[in-house]
């Protein structure tokens, strides 16, 4: 569009009112400014737009053609502004979250329902990936926020702590009894029990697995055999089935510990607790992300 939008607004006001004085009052500018703007628009378009009458002004044929298009354009702009206002009132937006399968099931989903009830018009996409992949997606702008366990890879972004998780070793009662029978050792230290066990861990590319292995190495724990699983749910199920001793997150097996389906194997040097939290770029916070962070700050997380 070659001409200034302001000139078309003046043209529309004069054409709508049929009077330069009324248009000036409507736009809160002087009559000479109105006349000057109309003259400038007519000069730029090389077309006469108005004819003066005893009652004011009236559109020429060319002016009527222009008025039709300007009316439609200004109406479209007005509708766009109304739609933006409506969307703001409805808390509309889009939010893309990256999270591991474990944290999604045990941390994110239990709280997400209430958030969706509060902000029904925010569209949410959840991508379940490893922490490393989540951080990569955040760096590439493919997600808005990630829920992860703190690691050395969290750099150049904001990490908002939500709580702590505790990694522990557990086994089914029948597995421990069978292990004692197989080894012929009735009284084993906890570390000896782990060294004789088939140890169930997450796959080697998982940051949790790397964190656990570092602690095991520092405490001379070298299991007889390792069974890998792709996610924490499988680790827990393998342990309940009696396939071995598993390293799990205590917060996620509270029911099994209470019912005796799993028994905790306490270590002389427990694995230090880890922080979990949201990670995001604070220089690109959308409306949806801002509301999401406000909501989570008011809710209690696991500790």
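All of the numbers you see were taken from the coordinates with simple rules; none came from a lab. Values in this document were obtained by computation on a predicted structure and should not be read as measured data. Cβ atoms come from the backbone with ideal geometry, glycine included; neighbour counts cover every protein chain shown.
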(request) Compute the acute angle (0 to 90°) between the alpha-carbon long axis of helix 109-118 and the principal axis of greatest extent of the alpha-carbon atoms of the chain; round to the nearest 10°. (result) 20
(message) Rounded to the nearest 5, what % of DSSP beta bridges with both residues in the chain are antiparallel?
(response) 55
(request) With just the Cα atoms of the chain, tell me how far they stretch along each of the three principal axes, in Å, largest first. (result) 116, 32, 26
(request) Apply 1/(1 + (r/R0)^6) to the Cβ-Cβ distance of residue 4 and residue 157, taking R0 = 45 Å, and write down the FRET efficiency to the nearest 0.05. (result) 0.55
(request) Round to the nearest 10 and give me the degree value, 0 to 90, for the angle of helix 61-89's Cα axis relative to the longest principal axis of the chain. (result) 30
(message) If I model a spin label as a point 7 Å beyond the Cα along the Cα-Cβ vector, how far apart are those points for residue 30 and residue 293 in nm?
(response) 4.9
(message) Under a crude label model (7 Å from the Cα following the beta-carbon direction), how far is residue 40 from residue 241 in nanometres?
(response) 7.8
(message) At 7 Å along Cα-to-Cβ for each site, give me the label-to-label distance between residue 126 and residue 224 in nm.
(response) 3.9
(message) Report the Cα centroid-to-centroid distance between the range 260-277 and the range 148-180 in angstrom, as an integer.
(response) 7
(message) Please report the projected area of the range 5-89's Cα convex hull averaged over all directions, in nm².
(response) 6.0
(request) Enter the angle in degrees (range 0 to 90, nearest 10) between the Cα long axis of helix 31-45 and the first principal axis of the Cα atoms of the chain, meaning the one along which they spread out most. (result) 80
(request) Wrap a convex hull around the Cα atoms of the range 142-262, take a quarter of its surface area, and give that in square nanometres. (result) 8.9
